[in-house]
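Read through the structure below, which is laid out as structure tokens, and then see the notes.
The values are calculated or read from the model by the stated rules, or taken from the named source; none is laboratory data. Just so it is clear, the model here is predicted, and its values are computed rather than measured. Every residue, glycine among them, receives a Cβ derived from its backbone with ideal geometry; neighbour counts consider all protein chains shown. Ligands, DNA and RNA are excluded from the accessible area calculation, which covers all protein heavy atoms including side chains. Shrake-Rupley method; radii C 1.70, N 1.55, O 1.52, S 1.80 Å.
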Amino acid sequence: MSTSAELLAEAVSASKSDSKRSESLYKQILSSTKPSTHENSQQTQTLRDQETALVNLGQLYRDQNNAAGVAEVITLSRSFMSSTAKAKTAKLIRTLLDYFNAIPNSQKIQMTVLQDNIEWAKREKRIFLKQSLETRLAGLQLETHEYKPALALIDTLLTELRRLDDKMILTEVHLLESRVYRGIGNMAKAKANRFCSSPFAALTSARTAANSIYCPPALQSSLDLQSGILHAEDKDYTTAYSYFYEAFESLSTQGEDDGKALSALKYMMLCKIMLNLPEDVTSLLSIKLAVKYAQLREVESMRSVAKAHQARNLADFEKALKDYKDELSSDPTIRSHLSDLYDALLQQNLLRIVEPYSVVELEYIAECVGQGRQSVETKLSQMILDKVFYGVLDQGRGCLLVFDEPKADEMYDSAINTLGQVSKVVESLYAKSVSIA
């Protein structure tokens, strides 16, 4: 009978040419009977081989995009984990769960696996593993927009973590809480939480916890990125830019997560555009750390938006939104701010068109900005109500009547002031006449 080491070597060599054979051998290693307890060295080697077989089988299913297979491997690993140290168990299960990230549309299966393993960790009284799995589950619920169960889970986690005083996981959970609150976008609901009243408050709690420990660069970058996003939501683009720059510099130096580094660079470009400094986008892309991203389509999409904004050209702006729809619409932060920018650009164009006229046809305005008459009419009504300019929409004639800004007439104020002074004189004379009489 072949030993586990021989079976493992055979499975590794067969993994590229015959995946079915390799899968069968890995399962054979995992189902092999443990040696007797007095054969200490052999037992240790078998456990080591089984651990390798678990990881390799998970990689095999990951490469095949087989999410159900990865879930099966995690279930199989439980019998192995019961005989290993708790720290090694946590590391192994995190490694296997990470394989889901490379498999598209695997969130639902991953959430089911996590819930199953959380129950197992509770039964086995593996508290730290349970908390780690619950943190990951809350992150998945955020990704799938299941905000209510995510907040409930985070609330329970925070209660436990405060009791244990685990600052590292506490920082991660507070950061997750801030992201969930922002995802909700409803501050009334956010205030229902008894610990934090807003995304900023949750983020402040995360930073407070992070300041009392050594914060890994990846976690610090995530904190900076979230800080920048929240400041941008608050229209404080200067502060947001500084946070995004810190995050981008750190992520680019680590060289581990180009996806996050690219997002930080796009947010930096967004801040420059929103600060009405689109010309700075070109110089931003010339810095050493940004050069390798300069030719990517995601960066090109932001450059096109910057050029359209610099030219104040609504048609070019719409063309950029259409040509780079996936790149600009997939990120909710960029989508939200570009929507505000589009409204501002439309308003500037409308003001430029109507400024020389006292009466102008709505059809002409719509033709100049390349929009439908109804949308132009709605926007002009909003601008009049907001007192951006003074005018009246004459829908009967289909015209916009533009007025000069009314100047306050000081005559009425002067008249009231004069009458007030006369009243004081009369009262004074009346008082004197009474005293003489």
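Listed values, structure above:
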quantity: Straight-distance crosslink candidates among aspartates and glutamates, where the alpha carbon sits under 12 Å from residue 288 and sequence neighbours closer than 8 are dropped; calculated: 249
quantity: Peptide ranges 166-177, 283-294 listed from the most packed, as the mean C-beta count within 10 angstrom indicates; calculated: 166-177, 283-294
quantity: Vicinal HN-Hα couplings computed from phi for the range 224-236 (Karplus, 6.51 cos²θ - 1.76 cosθ + 1.60; Hz; Gly/Pro x); calculated: 5, 5, 5, 4, x, 4, 5, 5, 5, 4, 8, 6, 9
quantity: Protection-proxy order for peptides 218-230, 143-155, each taking the mean of Cβ atoms within 10 Å per residue, highest first; calculated: 218-230, 143-155
quantity: Gaussian network model of the chain, Cα within-10 Å springs - most flexible of 142, 341, 76; calculated: 76
quantity: Over 28 Å between alpha carbons, listed pairs 27/91; 379/407; 167/260; 235/319; 88/122; 148/319; calculated: 148/319
quantity: Karplus-derived HN-Hα couplings along the range 301-306 (A = 6.51, B = -1.76, C = 1.60, θ = phi - 60°), whole Hz, x at Gly and Pro; calculated: 5, 5, 5, 5, 5, 4
quantity: Carbon/sulfur fraction of accessible area - the range 292-437, other protein chains in place, 1.4 Å, %; calculated: 53
quantity: Solvent exposure of the chain as accessible area per residue, Å², 1.4 Å probe; calculated: 54
quantity: Those aspartates and glutamates that a straight Cα-Cα span of less than 17 Å connects to residue 20, excepting residues fewer than 8 apart in one chain; calculated: 10, 63, 72
quantity: Max mean-square fluctuation residue, GNM over the chain, Cα-Cα springs under 10 Å, options 340, 326, 404; calculated: 404
quantity: Mean separation of Cα contacts under 8 Å, 6 or more apart, over the residue count of the chain: relative contact order %; calculated: 5
quantity: Structure-derived Cα extents along the principal axes in Å - corresponding label in (i) 126, 67, 43; (ii) 74, 56, 41; (iii) 107, 63, 53; calculated: (i)
quantity: Pairwise FRET efficiency - residue 378 versus residue 336, Cβ, R0 = 25 Å, nearest 0.05; calculated: 0.80
quantity: Accessible surface of the range 123-178, 1.4 Å probe, proportion on carbon and sulfur as whole %; calculated: 57
